[in-house]
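Single-structure report; data block below.
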Amino acid sequence: MKVIIDGKKLEADGHKTILETARESDIFIPSLCDHPQLLPFGGCRLCIVEIKGRKGLVPSCSTYPEEGMEVKTDSANLRRMRKQILGLILSEHPDACLICSEKENCDEYKSTIRRSIR
Ligand code: FES
């Protein structure tokens, strides 16, 4: 089937997601939770894309192309949404804490790491 991603006309086989189809054509879509040996579950939402004619944004790692589908992987709206999503993810997960020598005695670290491993 034919799909258009960022203006590029591509051939999609229907067994690969939009994310996989884009990657095969060197089109970058940010992702965190996608892994080739795991089933897609759309957890991080960083891979969101716009699909012409559809409301809202969809995760490209768990959405399959359809004939004639037009996908946009980059726009001001997508960048703004990804930034917000990443901010939310980081607000619940320690980042600098992982290398901090004070973490074993830090109440904030203990509280945050407990939330992130649930
Ligand atoms: S890569 Fe995480 S939701 Fe798609």
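The table below lists the values:
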{"read-out": "Per-residue [θ]222 nm for the chain (sum of -39500 (n - 2.57) over DSSP H runs n ≥ 4, rounded to 500)", "value": "-8500 deg cm²/dmol"}
{"read-out": "Radius of gyration and maximum dimension Dmax of the chain, Cα, Å", "value": "17.4, 56"}
{"read-out": "Whole-Hz couplings from phi, Karplus 6.51/-1.76/1.60, listed for segment 68-84; x for Gly and Pro", "value": "x, 4, 10, 10, 10, 9, 8, 6, 4, 5, 5, 5, 5, 5, 4, 5, 5"}
{"read-out": "Residues whose placed amide H lies under 5 Å from that of ILE5, excluding near-sequence neighbours", "value": "LEU10, VAL71"}
{"read-out": "Distant-in-sequence amide H partners of ILE48 (H built 1.01 Å from N, under 5 Å)", "value": "SER60"}
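Each reported figure results from applying straightforward, stated rules to the coordinates on display, with no laboratory input. The structure presented is a predicted model; accordingly, all values stated were derived computationally and were not measured.
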